[in-house]
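The values are calculated or read from the model by the stated rules, or taken from the named source; none is laboratory data. All figures in this text were calculated on a predicted structure; none of them were measured in a lab. Positions of Cβ are generated from backbone atoms using ideal geometry, with glycine treated the same way; all protein chains shown enter the neighbour counts.
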Amino acid sequence: MNPARFAFIPPWLDPLRAVAVAIFDSNGDLIEATEGFRFTLTPEAGGNVAQRIAEPPLGQLVKMQPDETGLLYTGLITLNIGHGLTRAFAGSIFRRNQLFMLAAELDISAFESLSGENERLNQELEESRKLLSKRNHSLQKLQEEMEAIKRNDGLTGLANMKLLDSRVSEEILRWERYRRPLALLLMDMDNFSSINDEFGRETGDELLQHVATILNGATRTLDLVARYGGQEFAILLPETNEMGAMIVAERLRMDLEGQLILPLLRPLTASFGVALLQPDEKREAFYARAGRAVRYSKAHGRNCIAIAGVVAECDHLYQGAAQETNV
């Protein structure tokens, strides 16, 4: 082979194994060849193309006349590659003066093998994608569960204080922009410590879970129900004025009072405090006024609703909700 490589063949063709290109003379001596052509031959194949071209034979090519483009032959090209093996190419042979150029694609058998390998790899890739998708789904579910743990109370499943704080801050910002009413309802279970003392902590936990179910069932998706403390709950009521908040509180008060839950032999009651967000009021002050209203309810017989004024002197009891309880 001519040591001055690529006198006729562009250098960029050399590394392409899917394309076989060879330049040879009328005696069959190989002048240049790309990696794709050399790749088809075994090491002992030698450099005489006349001995390697089985179809069409070199003698036939020498006698043929090329067309105006130099094309002599196009179709199946079969090479003897050594060890008695042959390899078929789909390609063309061109002639210019005494030089011949063979240009062909990867041989058919290699294409079949490659096609099978590609199919196998595609199947493996698809399986890997499905596995990755399944793992991503599991990871997403785990992340959602972790986020739920961060947001929700472990006992009742309600929002925890962290989520309540965040939501209240968001709603205050919204109030400052649109001036839509925002109410906060706090609820403190009456004499709950005596339930734990008399029936045990496990019974107390079950009652809290039952209360959480009642609260979820009595509120809108727009509202946020949270566990505010050990036996305290909070309900954030966007787009709700003072009267609307009192209606929600009274409905909850009656729902709780109507529950007879064993082993209790008395109704399960709670005291309620309602606060409507005031101009320029911060979150902590909002909480404080609602908590003050709850204490007002406790001080006036429990199982009732108090509405927080701007100052403590303006707090008042919702008389229609005041009920006597067995405490």
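Would it be correct to say that ILE261 is under 27 Å from LYS162 (Cα atoms) and over 42 Å from the mean Cα position of the chain (by Cα)?
no
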Review point. Which condition does GLU202 not pass, out of (1) farther than 20 Å from GLY154 by Cα; (2) surrounded by fewer than 19 Cβ atoms within 10 Å (Cβ to Cβ), if it passes all the others?
Key: (1)
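Going by the conditions given, is ARG227 of a type in the set (Lys, Arg), touching a strand residue (DSSP E or B) at 6+ places or on another chain (Cβ under 7 Å) and assigned by TED's automatic domain parsing to the domain that holds ILE307?
Judged against the criteria, ARG227 is a match.
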Study note, to complete from the structure: Per the filter on region 77-98, residues touching a strand residue (DSSP E or B) at 6+ places or on another chain (Cβ under 6 Å) and either at pLDDT 80 or above or small (Gly, Ala, Ser) (or both) are ILE77, THR78, ALA88, ALA90, GLY91, SER92, ILE93, PHE94, ARG95, GLN98
Check your understanding: Out of (1) over 15 Å from PHE37 (Cα atoms); (2) modelled with pLDDT of 85 or more; (3) not small (Gly, Ala, Ser), what's the single condition that is false for ASN118?
Key -> (2)
**Study point:** Matching entry among VAL211, VAL225 (being under 33 Å from the mean Cα position of the chain (by Cα) and closer than 30 Å to LEU265 by Cβ)
**Key:** VAL225
